[in-house]
């Protein structure tokens, strides 16, 4: 479904996914795109999951302390309720949202909204994480960003958990996670056995 704007042009929506490991610049890229939309005088709303208040309750904040005002929501359905009449919706830490996020993003895009989603594509074990894989399947644009492997300097694609904790969701920073390439990750994983 496409909406007409006031100049009788068809308003087309789409989904962009920014994914990768921790420390790869996902949030930095999300903030960059959202700030450019604001410069273009587009109406922008940014959301993040309530569970993630590591940096700030009312801002999306990158590891480099770049920030943009956001709204924390308890579930993805709240995004639909709070994003009426906007041109662009940004969603950070999407891996922490429920599976309904895919439907929410598609509804927004179908109604003419540009949706930009950032999140981890894999958990600390190297498995797909939350709704990100399904979002990637329906997105028009996918950007995979990489950190630098803390051991060898190659491109890192996984967030290796350095603390002993088997829970899937453990919020943390460099004190709990380090970015690793495939080779270094496999070596560390084998050494734990």
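Which ones in the range 70-81 are surrounded by fewer than 21 Cβ atoms within 10 Å (Cβ to Cβ) and outside any loop (DSSP other than H, G, I, E, B)?
Within the range 70-81, 71, 72, 73, 77, 78, 80, 81 meet the criteria.
Anything in the range 148-157 that is crowded, with 18+ Cβ neighbours inside 10 Å and modelled with pLDDT of 95 or more? List them, or say none.
Result: 149, 156.
So if I check each of 140, 100, which one is more than 30 Å from residue 163 (Cα to Cα) and out of contact with any strand residue (DSSP E or B) (no Cβ under 7 Å at 6 or more places or on another chain)?
Testing whether each residue is more than 30 Å from residue 163 (Cα to Cα) and out of contact with any strand residue (DSSP E or B) (no Cβ under 7 Å at 6 or more places or on another chain) leaves just 100.
Tell me which helices (runs of 4 or more DSSP H) are completely within the range 82-193 and hold 2 or more residues being within 16 Å of the chain's Cα centre (by Cα) and under 21 Å from residue 22 (Cα atoms), or say none if there are none.
132-138
Take the residues in the range 27-51 that are assigned to a loop (DSSP other than H, G, I, E, B) and touching a strand residue (DSSP E or B) at 6+ places or on another chain (Cβ under 8 Å); name whichever of them is modelled with the lowest pLDDT.
It comes out as 50.
Which one of these is under 30 Å from residue 190 (Cα atoms) and modelled with pLDDT of 95 or more: 119, 126, 112, 90?
From the options 119, 126, 112, 90, the qualifying one is 119.
Among the residues of the range 174-191, is there at least one that is touching a residue at least 12 places away in the same chain (Cβ under 8 Å), on the phi > 0 side of the Ramachandran plot and touching a strand residue (DSSP E or B) at 6+ places or on another chain (Cβ under 8 Å)?
The answer is no; no qualifying residue exists.
Please state which one of 177, 160 is at pLDDT below 95, in contact with a helix residue (DSSP H, G or I) (Cβ under 6 Å, 6 or more places away or on another chain) and over 23 Å from residue 102 (Cβ atoms).
When all the criteria are applied, what remains is 160.
The values are calculated or read from the model by the stated rules, or taken from the named source; none is laboratory data. Quick caveat, the model's predicted, so the values are computed rather than measured. Glycine gets a Cβ as well: all are built from the backbone with ideal geometry, and neighbour counts include every protein chain shown.
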